[in-house]
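Notes to accompany the following structure.
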Amino acid sequence: MKVSEIENHLKRFTVGIAGAGGLGSNCAVALARTGVGKLVIADFDLVEISNLSRQYYFLNQVGMMKTDALKENLLNIRPSINIVVHQTKLTAGNIPSVFAGCDVIVEAFDRSEMKEMIIETVQNELAGIPLIVGSGMAGWGKTEIIRLRKIDETLFICGDESSEATDDCPPLAPRVSIVANMQANTVIEILMNKA
């Protein structure tokens, strides 16, 4: 299949991204570059200097809302992409409305309790919509243990599922980007199999 055919197919779909940090920003860039037609991005944080080590932002964007900065970056990559941003903290109560109409949702949270919350919410309130979760990407090296695990037809986990971020084992750009791109690749695989 030619790139133009892939882009023509993908432009019909909408992908939700829950969080615009290391996973979410890098995944969004990969999806925009590949031709996904619409992204729905939700986050409530500002870009900070410390984010620049692993997130898809630039020095001149420090202090901006992550959603606004990411939208700006994505439009510089693909001006035709439709981007809807929600500057809000996601909860079990608002996830169904924020991501209504999405064909796939990408989870890009830092905290395990937020990951659990979105899994439960999507499975209960948005049944049938695939959710791609990131888990285990801190540190460096050990690329061989990063993998995709398919739980069922609607739940996929990308990462090593064990590397927790700590002061001595922080999330660094290479492993975060690998997992983010694995999430994007999984989204593309799902969407390319949709008629």
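Bear in mind these aren't lab numbers, they're just calculated from the coordinates by the rules spelled out. Computed from a predicted structure; not experimentally measured. Note: ideal-geometry Cβ built from the backbone for every residue, glycine included; neighbour counts use all protein chains shown.
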* Asked: Any residue in the range 150-169 that is hydroxyl-bearing (Ser, Thr, Tyr) and either within 19 Å of ALA42 (Cβ to Cβ) or in contact (Cβ under 8 Å) with a residue 60 or more places away in the chain (or both)?
  -> no
* Asked: Taking the range 122-150, which residues are more than 19 Å from VAL15 (Cβ to Cβ) and not small (Gly, Ala, Ser)?
  -> ASN124, MET137, TRP140, LYS142, THR143, GLU144, ILE145, ILE146, ARG147, ARG149
* Mind listing whichever residues of the range 100-126 are outside any helix (DSSP H, G or I) and buried (at least 17 other Cβ atoms within 10 Å of the Cβ)? => CYS102, ASP103, VAL104, ILE105, VAL106, GLU107, ALA108, PHE109, LEU126
* Of all residues in the range 84-99 being of a type in the set (A, V, I, L, M, F, W, C), within 16 Å of the chain's Cα centre (by Cα) and not in a strand (DSSP E or B), the one that is nearest to GLY21 (Cα to Cα) -> LEU90
* To do: Determine if the range 132-141 includes at least one residue that is of a type outside the set (Ser, Thr, Tyr), closer than 25 Å to TYR56 by Cα and loosely packed, with under 12 Cβ neighbours inside 10 Å.
  => yes
